[in-house]
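Below: one structure, written as structure tokens.
The values are calculated or read from the model by the stated rules, or taken from the named source; none is laboratory data. Being a predicted model, the structure only gives us computed values, none of them experimental. Positions of Cβ are backbone-derived with ideal geometry, glycine not excepted, and every protein chain shown enters the neighbour counts.
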Amino acid sequence: MDGQTPQDSSPEQTPTARRRLPVSTMWLLVIMIVLIGFMWVSGLRQPVEIAYSAFREQLEADNVAEVWIQGMKIQRGNFKAPIVLPVAGQAKADGTVVKNPEVENAEVKTDKKDEPKKTEKKITEFTVTLSPLAGEGLDELMVGKGVTVHSEMSPDYTALTLFIYLGVTVVMGLFIWTMYRRTRDQMMGGGLFSGFAKSPAKRYDKEDKAVTFDDVAGLENVKRDLEEVVEFLKNPEKFQRLGGRVPKGVLLMGPPGTGKTLLARAVAGEADVPFFSINGSEFIQMFVGVGAGRVRDMFKNAKDASPAILFIDEIDAVGRQRGAGMGGGHDEREQTLNQILSEMDGFSQTSSVIVLAATNRPDILDPALLRPGRFDRHVMVDRPSQKGRLAIFEVHTRDIPLGEDVELERLAAGTMSLTGADIRNLANEAALWATRQDKDQVEMSDFDYARDKVLMGNKREEVMSENEAKITAFHEAGHALLAWILPGADRVHKVTIIPRGRSLGVTQLLPREDRMNIRESELRTRLTFMLGGRAAEKLVFDEYSAGAENDLKEATRLARRMVTHWGMSERLGPVAFSNSEEHPFLGKELAQEHREFSEHTAQVVDEEIVKILHAAGERSRELLSQNRDRLDTLATALIEREVIDDQDIEKLIGPSANPRVESSGQPTNASSADTCLFRFSSMN
């Protein structure tokens, strides 16, 4: 969940009602259990049936201990000593043949290769059908041999069997009738699959831990835009009295981690109304029509609980533009989107249900979703300003014991472009590191460690060779020197050649202020800085290495935007050249030509990009050649220490052309160390 306060990380989710199995399903399970038990009881192991002649032989040999007789059959008997039965079908010496089904399945032994035969089997229990000619002579023989004889009446299972069969028939009939009624009464998804059409939206009631606007830091303008929604939910008659209508849908747009979900919960907490939450991906299922059924059920529940808030997170999962892909437009996702459009347009004028939605990609949403009457209010939730970052740091450190040297103002000034989630992660990493160091408080050094870990990654286990370390040192020294001597560049904060994450070395920069715009001269200075590492390698080693891959990629991307988006080419003039970014769908790219300029113009664009990059590279080489002694000094210090900061650089090569920025926002040349940064250049 996007957020800026610890409260939103583990909410207690309390669904309004627990889902229960349908009665018909429970009956079906009971029937299955009864049938399985009946078959198991019926299939219990029975004693081995032997021939009557074999029984008489063992009786005369005084080997029968006990028998249970029912009618003309000995249901069970025990031998005093186990006997060995021959293979089924083989005749004994007296001519009798044993018919024993179980012996048929006896294990197989082989006397000769590929000639299997069944083994003999030892038994102690038996059953036998008595001969009609046995008579009283058999009784006298068994009594004379000391056999214990039990006489039992044959049980009659007819009534039980009839009851089970009738019960199964009746219950199955009721089950089929119930399924038929559900299928008939429901518009879709009836019968056994009726649960698929139920909305999985979770409801947060008043009893849950409420999140209010006080828990949302750094988004003051956004909170003011949402106060009208809160006021409408608290007092809808105030707006309806003069015929006013509050927007039915409010779309929260912004980068990940800026607090969109937290804002939606804060609106519900301020308005003190039920809050239904669902993710856009939960609508999509493998069965066509299930998503539309869930949408209907979700909106019905929200209307029944009105006034209420219905929040759809990541709505782009279901609200993508229709007809953007290849093939037909009748898939499950588009039907679900159509149902959402229908439900939102079907709200009455006085309906006290407001739909909030959040997305990171508003550019791919269907236009019908954004038109007035649906999501007709769009609220931009952007990255916080310096004042907002300070408030976020205060929220996330209120439960952390801070050392005396921790200055939240300096932390906020150095975390430009970080979101609330990024700041939360940074504060948490600092607390964890201080705990591992057995400290009682979190100090500024812990925040420095957390910053490096969050922005650059953990230290890698690989150890660079002496030659690789030298190349990396001169590469990063080239970046650092140009940023140090070029007016208008961002201030250098730290330089390291310790491998971290995917980088061999990093030059960290501290932007002087929050920028909303940038000039061409500053962009060209930035390109010069980006190509400084490559230029230093050529100057010192007279060849290039593969470590400048990331620098070249970022520099080329920046130069292309200068030419195609910002009109910073005298040859091409004030013309914007579109590209495929406008149509992120494969279908549209195939259906229409996404490049709206000729091949000749494309060649000119490439030539202008190359021209800008060559000029920046040549400027880098000239400046480094003029300051070769400073370059060697910085590279030598990096090889010896591996890490140097701005204070070390100032002692080595003198003051920077760019003043340091303190928490007040005013430039200064004081010698105190800066603590945070965001933008950096790395050697791969």
Considering only residues that are among the small types (Gly, Ala, Ser) and part of a helix (DSSP H, G or I), look in the stretch 396-426 and name the one that is farthest from residue 219 (Cα to Cα). 413
Being at pLDDT below 90 and basic (Lys, Arg) narrows 526, 534, 502 down to just 502
Might you check whether a residue that is more than 24 Å from residue 383 (Cα to Cα) and of a type outside the set (Asp, Glu) occurs anywhere in the stretch 252-263? no
When residues of the stretch 169-186 are filtered for being under 17 Å from residue 30 (Cα atoms) and modelled with pLDDT under 65, how many remain? 0
Output the residues belonging to the stretch 450-465 that are in a helix (DSSP H, G or I), modelled with pLDDT of 80 or more and either more than 16 Å from residue 400 (Cα to Cα) or touching a strand residue (DSSP E or B) at 6+ places or on another chain (Cβ under 7 Å) (or both). 451, 453
Looking only at the stretch 520-544, which residues are small (Gly, Ala, Ser) and either within 13 Å of residue 478 (Cα to Cα) or within 38 Å of the chain's Cα centre (by Cα) (or both)? 532, 533, 535, 536
Top-ranked residue in the stretch 482-526 [being part of a strand (DSSP E or B) and charged (D, E, K, R); ranked as farthest from residue 628 (Cα to Cα)]: 500
What is the one condition in (1) modelled with pLDDT of 75 or more; (2) surrounded by fewer than 16 Cβ atoms within 10 Å (Cβ to Cβ); (3) of a type in the set (A, V, I, L, M, F, W, C) that residue 219 does not satisfy? (2)
Residues in the stretch 239-250: is at least one within 30 Å of residue 425 (Cα to Cα), modelled with pLDDT under 65 and crowded, with 22+ Cβ neighbours inside 10 Å? no
Quick check: anything in the stretch 245-262 more than 24 Å from residue 373 (Cβ to Cβ) and part of a helix (DSSP H, G or I)? yes
Does residue 345 satisfy the condition of being under 26 Å from the mean Cα position of the chain (by Cα), modelled with pLDDT under 85 and on the phi < 0 side of the Ramachandran plot? no
Go through (1) outside any loop (DSSP other than H, G, I, E, B); (2) farther than 18 Å from residue 316 by Cβ one by one and return the number of the condition residue 357 breaks. (2)
Taking residue 254 and the conditions (1) buried (at least 17 other Cβ atoms within 10 Å of the Cβ); (2) at negative phi; (3) at pLDDT 80 or above, which numbered condition does it fall short on, given that it satisfies the others? (2)
Does at least one position in the stretch 427-441 carry a residue that is within 26 Å of the chain's Cα centre (by Cα), surrounded by fewer than 18 Cβ atoms within 10 Å (Cβ to Cβ) and part of a helix (DSSP H, G or I)? yes
